Amino acid sequence: MKLIAVVLSGGAGTRLWPASRQAHPKPFMQLGGASLFLQAITRGQACGTDDVVVVTNQDYLFLTRSEMRQLEDAPGVHYLLEPKGRNTAPAIALAALQCAKSHGDDAIMVVLPADHLIPDTKAFVACALEAVELAQKGQLAVFGVQPTSPDTGFGYIEVEHVSREAQRVLRFVEKPDLPTAQQYLATGRYYWNSGMFCFSAGAILKALAEYAPQALEAARRVFEARQTTGDTTRFDAHAFSFLPDISIDYAVMEKASNVSVVPARFGWSDVGSWPAVAQAHPQDASGNTFAADVVALDTVGTHVQVESHGPKVVATVGVKDLVVVDTPDALLVAHKSVAQKVKSVVDALKARNHESTQLPASVHRPWGTYATLKEEPGYKVKRITVTPGQSLSLQYHHQRAEHWVVVQGLALVQIGDREFRTEPGQSRYIPMKEKHRLTNIGTEELVLIEVQCGSYLGEDDIVRLADTYGRV
């Protein structure tokens, strides 16, 4: 038997703004010492999987690879890169086609969203292996979480009666309103739908063919037109646009008769809101969770999180049940009772075309990172890091000149047709409209301070002439 972990990694996580942004979504948030994405990968490894398939947006490939490099015993991974997100049914269909092609229809897929928090890996593995046994018998297994509150943010699974044993699913119910959720809890017949599944590649493809044939046919067309290089498969954007935006629950699980639920006998959170993030941190005597240097007076049940370019002290006085998230370019203050409305904040900012919904304060690129330290009319100051052996594109700017000061590492700076070896303490000036390139030729991370001067300092004022990463 081939056991494959399928990790679904995407989504903007808008309820976790400003820490989660479009270019740095929730799977890459750090909780408990590692990103949620890496925790999903290691859970799959713990189940004894033979291989890993990661389905993610093509824009996240370099960030995903950077995460994988942190693992000492990294598994073999194949990346399926989506041009844009099309929900879980197309993602799972493409993963099933990949697994069936590589390992046959009998390959068992353990489908794991990359944005869940499950502290007890051993307990998870025990449940996952139970799900694998069901999958070997042709069942479509879903992990159900026993509700602790009438939460309206989850779908629900109805069974004969909640127990510790796997059983047949009676029906799936989409996210209910509060009175309905309260009724569900009172009956003792409902689980939360965790969004984690286990089935054979053949079984889910057969179910898609029966219950969502158009979605499967569109996925087959996309898969047949794929381009694979090494461990990476890319899909044609035009063909991909015909995939329906539909969840696997709607497409298959609500209709199939061979669905079983495996009770999640482990702690679980989809980390879908700031109160959920707070619950993942240790509390002080007053129920506060501080991921920062905080002076707290008369403060109860409050979560404070700071992401700063330098040391910053936060003081709270006389507050209760708040969420305070401070990043270099955005500050969120919200009451925990209305934390779900953070998504509405993001919607309002998108309507203004505000950059803070897209780019995080520290932006990841294939070659490293950059962070804006200061910006006023006429100038911008950035901190740029470049990993060893990597280089920025050969480029020029129409409306700005740049000054580069190396503070760590060893750089090779191309200006025009000349190249300059540049060490810590040395600087280079790049005139407006002059082609230039930066390469890390040392063995440690290259760090430099960039000062931009000009009438327009937007990120779109870049003309690439050559690029290692195919962005010309």
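Coordinate-derived values only; no laboratory data. A quick note: this is a predicted structure, and the numbers were derived from the prediction, not measured. Counting neighbours? That spans all protein chains shown, and the Cβs are built from the backbone with ideal geometry, glycine included.
Give me ASP467, ASP177, ASP460, ASP270 ranked fewest to most by other Cβ atoms within 10 Å of their Cβ, as a rough exposure proxy.
Working: ASP467 16, ASP177 9, ASP460 5, ASP270 20.
Ranked by crowding around the Cβ, least crowded first: ASP460, ASP177, ASP467, ASP270.
Rounded to the nearest 5, what % of DSSP beta bridges with both residues in region 3-263 are antiparallel?
Working: 22 of 48 bridges.
DSSP beta bridges in region 3-263 are roughly 45 percent antiparallel.
Amide H neighbours of VAL262 under 5 Å, counting only residues 5+ apart in sequence or on other chains, H built in-plane at 1.01 Å?
Residues meeting the criterion, in which the H sits 1.01 Å from N, are VAL142, PHE143, GLY144.
Extent of region 315-472 along each principal axis, from alpha carbon coordinates, in Å, largest to smallest?
Cα extents, longest axis first: 59, 32, 30 Å.
Once you list every other residue whose beta carbon is under 15 Å from the beta carbon of ASP329, what net charge do they have if Lys and Arg are +1 and Asp and Glu are -1?
Numbers: positive: ARG21, LYS312, ARG352, LYS374, LYS380, LYS382, ARG383; negative: GLU307, ASP326, GLU355, GLU375, GLU376, GLU459.
Charge balance near ASP329 sits at +1.
On a full-extension model of 0.36 nm per residue, what is the gain between ILE462 and HIS403, subtracting their alpha-carbon distance, rounded to one decimal in nm?
Working: separation 59, 0.36 × 59 = 21.24 nm, distance 1.58 nm.
Going from the current span to full extension adds 19.7 nm.
Kindly provide the pair-distance distribution of region 330-397 built from C-alpha pairs, with 10 Å bins from 0 and whole-percent values in order of increasing distance.
Computed distribution, short to long bins: 15, 34, 31, 17, 4.
Taking the Cα atoms only, what angle lies between the long axis of helix 36-46 and the longest principal axis of the chain, rounded to 10 degrees?
Taking Cα atoms only, the helix is inclined about 50 degrees.
Rounding to the nearest 20 debye, state how big the charge dipole of region 366-466 is about its Cα centre with +1 on each Lys and Arg Cβ and -1 on each Asp and Glu Cβ. Working shown, then result.
On the way: 12 positive and 13 negative charges, 30 e Å.
That gives a dipole near 140 debye.
Compute the normalised compactness of region 363-443: alpha-carbon radius of gyration over 2.2 N^0.38 Å, N being the residue count. It would help to have the intermediate numbers written out before the result.
Numbers: Rg = 12.3 Å, N = 81, 2.2 N^0.38 = 11.7 Å.
Normalised Rg, Cα atoms only: 1.06.
Where a Cα-Cα gap under 23 Å defines reach, which lysines qualify for LYS255, not counting those fewer than 8 residues away within the same chain?
Result set, ordered by chain and number: LYS137, LYS175, LYS206.
Taking only the Cα atoms of the chain, how large is their convex hull per residue, in Å³? Show your work: numbers first, answer last.
Values: hull volume 76.5 nm³, N = 472.
Enclosed volume per residue, from the Cα hull, is 162 Å³.
Once amide H atoms are built 1.01 Å from N in the peptide plane, which residues 5 or more positions from VAL6, or in another chain, come under 5 Å H to H?
It is VAL53, VAL110, VAL111, LEU112, by chain and number.
In whole angstrom, note down how far apart the Cα centers of region 199-226 and region 94-113 are.
So the separation of the two Cα centres works out to 11 Å.
So for the chain, taking the charge dipole from beta-carbon charges (+1 Lys/Arg, -1 Asp/Glu), which of LEU373, SER269, ALA219 sits furthest toward the positive end?
ALA219
Restricting the count to DSSP beta bridges whose residues both fall in the chain, what percent are antiparallel, rounded to a multiple of 5? It would help to have the intermediate numbers written out before the result.
Numbers: 76 of 115 bridges.
In the chain, DSSP labels about 65 percent of beta bridges as antiparallel.
Residue farthest toward the positive end of the dipole of region 1-151, with Cβ of Lys/Arg at +1 and Asp/Glu at -1: which of GLY44, GLN136, PRO83?
The Cα lying farthest towards the positive end belongs to PRO83.
Run the simple label-point estimate for THR121 and TYR379 please: 7 Å along Cα→C-beta, distance reported in nm.
Between THR121 and TYR379, the label points sit 4.8 nm apart.
Between Rg and the Kirkwood Rh of region 1-109, both from Cα atoms, what is the Rg to Rh ratio?
Working: Rg = 13.8 Å, Rh = 14.4 Å.
Taking Rg over the Kirkwood Rh, I get 0.96.
Under 21 Å from the Cα of LYS433, which lysines turn up, not counting those fewer than eight places away in the same chain?
Leaving aside lysines fewer than 8 places away in the same chain, those within reach of LYS433 are LYS380, LYS382.
To the nearest 20 debye, what is the magnitude of the charge dipole of the chain about its Cα centre, counting +1 on the Cβ of each Lys and Arg and -1 on the Cβ of each Asp and Glu?
520 debye
For region 3-263, how big is Rg over Rh, using alpha carbon atoms and the Kirkwood form of Rh? Working shown, then result.
Details: Rg = 17.5 Å, Rh = 18.6 Å.
Here Rg/Rh amounts to 0.94.
Take the Cα coordinates of region 274-341, assign each an equal point scatterer, and use the Debye formula without solvent to give log10 I(q)/I(0) at q = 0.19 Å⁻¹.
Once normalised to I(0) and log-transformed, intensities are -0.68.
According to the Kirkwood expression over distinct Cα-Cα pairs, how big is the hydrodynamic radius of region 171-224, in Å? Each step should come with its number before you reach the end.
Values: mean 1/r = 0.0714 Å⁻¹.
Evaluated on region 171-224, it is 14.0 Å.
To the nearest 20 debye, what charge dipole does region 274-341 have about its Cα centre, counting +1 at the Cβ of each Lys and Arg and -1 at the Cβ of each Asp and Glu?
Values: 4 positive and 7 negative charges, 40 e Å.
Dipole size: approximately 200 debye.
If you take every residue apart from ASP231 with its C-beta less than 14 Å away from the C-beta of ASP231, what net charge results, scoring Lys and Arg +1 and Asp and Glu -1?
+3
Would you mind calculating the gained length between SER308 and ALA74 on full extension (0.36 nm times residue separation, minus the Cα-Cα distance), in nm to one decimal? Please report the intermediate quantities before stating the final value.
Numbers: separation 234, 0.36 × 234 = 84.24 nm, distance 3.05 nm.
Extra length from SER308 to ALA74 when fully extended: 81.2 nm.
Considering only DSSP beta bridges whose two residues both sit in region 274-341, what percent are antiparallel, to the nearest 5? Let's see the in-between values first.
Numbers: 6 of 19 bridges.
Here the antiparallel bridges make up roughly 30 percent for region 274-341.
Identify, among LEU394, PHE199, LEU322, the residue whose Cα sits farthest towards the positive end of the charge dipole of the chain, taking +1 on the Cβ of Lys and Arg and -1 on the Cβ of Asp and Glu, with the dipole about the Cα centre.
Value: LEU394.
Over every pair of different alpha-carbon atoms in region 82-184, take the mean of 1/r and invert it; report that Kirkwood radius in Å. Show your work: numbers first, answer last.
Numbers: mean 1/r = 0.0622 Å⁻¹.
The answer is 16.1 Å.
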